[in-house]
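J.: The following block contains the structure, expressed as structure tokens.
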Amino acid sequence: MSEPFEDGNALAGPAGEIFAVDITAATTRCVACGRVDAVASLRVYRHAPGLVARCAGCDAVVLKLVRGPDSAWLDLTGTSSLRVPLPGA
């Protein structure tokens with residue numbers, strides 16, 4: 001039985017508290033398989049204490065975002081790069 005997931009757009013609000021840009025428009029490179037994809041294409045699971053985003057290609061964990069009452073933790077261990085388009089560029 002597979003767990004239900006949402007697409008990477010589920011990161012827009014929580015990541016918007018950290019980034020001044022729309023993080024869902026950024027692209028990631030998965031450490032496990034090398035797939036380059038938009039953050040919006042990641043599979044996001046909410047059943048953990050935070051958000052866990054997995055690669056749509058190999059299902060490896062690409063990033064984790066945990067929000068506390070006064071801070072947030074962003075773990076990009078599964079991402080070899082994060083390309084963020086800048087406004088006006």
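The values are calculated or read from the model by the stated rules, or taken from the named source; none is laboratory data. Predicted model, so just to flag it, every value in this text is computed and none were measured. Side chains are part of the model used for accessible areas, which takes the heavy atoms of the whole protein and leaves out ligands, DNA and RNA. Shrake-Rupley method; radii C 1.70, N 1.55, O 1.52, S 1.80 Å.
J.: Can you give me the solvent accessible area of Val84 with a 1.4 Å probe, rounded to the nearest 10 Å²?
T.: 50
J.: Using the heavy atoms of the protein chains and a 1.4 angstrom probe, tell me the accessible area per residue for the chain in square angstrom.
T.: 60
J.: Continuing with the same structure: Most fluctuating residue of Pro69, Pro49, Pro14 in a GNM of the chain with Cα springs under 10 Å: which is it?
T.: Comparing Pro69, Pro49, Pro14 in a Gaussian network model of the chain, the most mobile one is Pro69.
J.: In Å, what Rg and Dmax follow from the Cα atoms of the stretch 37-89?
T.: For the stretch 37-89, the Cα radius of gyration and maximum Cα-Cα distance read 12.3, 37 Å.
J.: Now, a different point. May I ask for the equivalent-ellipsoid semi-axes of the chain, computed as the square root of five times each C-alpha gyration tensor eigenvalue and listed largest first in whole Å?
T.: For the chain, the ellipsoid semi-axes come out as 19, 17, 11 Å.
J.: When the solvent-accessible surface of protein heavy atoms is calculated with a 1.4 angstrom probe, in what order do Ser2, Ser41, Ser80 fall, highest first?
T.: Ser2, Ser80, Ser41
J.: Percent of accessible area on the chain owned by carbon and sulfur, 1.4 Å probe?
T.: Using a 1.4 Å probe with all protein chains present, the chain comes out at 55 percent carbon and sulfur.
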